[in-house]
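Following: one structure in structure tokens, then a few remarks.
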Amino acid sequence: DYHKGRVAAAIKKLTKAKKRKPTADELKDIITSHHRLASSLLPNFIHSIDAYHMRETISRCDKRIDDLSFWAVHDAFGTHACDVGTMVGIVKHTFHDIHKGLDFNGWIGARSKDLKLKDILVSEYIIN
């Protein structure tokens, strides 16, 4: 399934720019680039990584913090005030461990030339 309105607009734009109808290959590229799966794949992938990060954070907190008091809403974590420092360290290390095997710079490099994955371990916030 694809975004018919967006495909029609892209075809119209290409037709106007090239003063001809799109070729079969151009039509295939337009439809593929406006496919609903293509537009939903990355957000769902990121959501899965976020969910894995939360699950790992909870697991690590449970192992390191006695009588863990923990709450979570979407991608926000909370705990009792006396455990915040421990939790912050766990959140950073878990994020680092998950992303160190991925091409972090390829994902975020275009957005921030100065951001390095290892910096997350010593920053006040995960990304500031």
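The values are calculated or read from the model by the stated rules, or taken from the named source; none is laboratory data. All of these numbers come straight from a predicted model, not from anything done at the bench. Positions of Cβ are backbone-derived with ideal geometry, glycine not excepted, and every protein chain shown enters the neighbour counts. When the accessible area is computed, the model is the full protein with side chains, heavy atoms only, and any ligands, DNA or RNA have been set aside. Shrake-Rupley method; radii C 1.70, N 1.55, O 1.52, S 1.80 Å.
Roughly what would the spin-label model give for Asp25 and Leu42, points 7 Å off Cα along C-beta, in nm?
In this crude spin-label approximation the distance works out to 2.5 nm.
For a quick check: with amide H placed at 1.01 Å from N, whose amide H comes under 5 Å from Phe77's, ignoring anything fewer than 5 positions away on the same chain?
Placed amide hydrogens put nothing under 5 Å from Phe77.
Roughly speaking, to the nearest percent, how much of segment 1-103's 1.4 Å accessible area is carbon and sulfur?
58 percent
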